[in-house]
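For reference, the structure is listed below as structure tokens.
The values are calculated or read from the model by the stated rules, or taken from the named source; none is laboratory data. Only a predicted model underlies this, so the values are computations on that prediction, with no experimental measurement involved. Neighbour counts run over all protein chains shown; Cβ positions are idealised from the backbone, glycine included. For the accessible areas, the whole protein counts, side chains as well, though only heavy atoms, and no ligand, DNA or RNA atoms are used. Shrake-Rupley method; radii C 1.70, N 1.55, O 1.52, S 1.80 Å.
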Amino acid sequence: MSHRDATAATQVDDEGARLSVQLTLLAADTVEIRYRLHNDGAVPLLVFDRGDRRAVLTGRQAAGAIGTPTFEHAGDGDVTLRHAARSLPDSPTGPTLPATPLARRLDAGDALEGTFRFQIPGASPRRLRWCLGVAPLADEDGLLPDGESAGLWRAGAAAVARQRLLCTPWFEVSTARFEDR
């Protein structure tokens with residue numbers, strides 16, 4: 001099978017969020033993911049696919065762009081990619097700017113789309129999956145608009161604590177298919 005043939009699609013439904021994903025293996029270690037997240041719920045969602053404020057301010061990421069996913073080699077060739085907010089420190093970090101998560105607000109009934117490519121460091125995966133962090137918006141979040149990234153919000157600890165991950169099933173590289181759940 002050529003890598004051009006290594007494309008599969010799946011859908012994840014969870015508590016009012018519907019995530020449609022198309023994964024293409026471009027090379028043995030490079031993946032392209034196209035996704036569409038639809039908010040079928042009654043409250044707005046915060047979507048954590050836009051990285052963090054420190055990456056934007058230091059020039060490692062363009063303002064408003066999809067962030068670089070984190071990755072985890074879980075052993076036996078399993079790799080998980082994640083676009084998710086990381087926990088914020090409980091106390092000030094001194095002169096270093098904390099990696100405050102940036103979130104896109106997705107109102108009830110709306111959808112957002114994105115595409116990213118990622119070259120997986122280390123050995124080529126046997127299986128891989130992608131997870132996207134989302135959280136219902138609540139009054140206590142006290143979101144601040146991010147002046148560096150139009151349309152994005154700086155997410156606080158309360159929103160990060162409510163985050164849940166929408167994860168695809170495992171994508172089997174050898175068959176170019178998602179596993180059945």
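What the table shows:
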quantity: Of residues in the range 112-136 being surrounded by fewer than 21 Cβ atoms within 10 Å (Cβ to Cβ) and in a loop (DSSP other than H, G, I, E, B), the one modelled with the lowest pLDDT; calculated: A123
quantity: Flag for A74 being touching a Leu at 6+ places or on another chain (Cβ under 7 Å), in a strand (DSSP E or B), of a type in the set (G, A, S) and at negative phi; calculated: no
quantity: Total residues in the range 75-88, condition open to solvent by 40 Å² or more (accessible area, probe 1.4 Å) and either in contact with a Cys (Cβ under 6 Å, 6 or more places away or on another chain) or closer than 20 Å to I33 by Cα (or both); calculated: 1
quantity: Tally of residues being surrounded by 15 or more Cβ atoms within 10 Å (Cβ to Cβ), of a type in the set (A, V, I, L, M, F, W, C) and assigned to a strand (DSSP E or B) across the range 4-54; calculated: 14
quantity: Top-ranked residue in the range 157-181 [being surrounded by fewer than 15 Cβ atoms within 10 Å (Cβ to Cβ) and among the acidic types (D, E); ranked as modelled with the lowest pLDDT]; calculated: D180
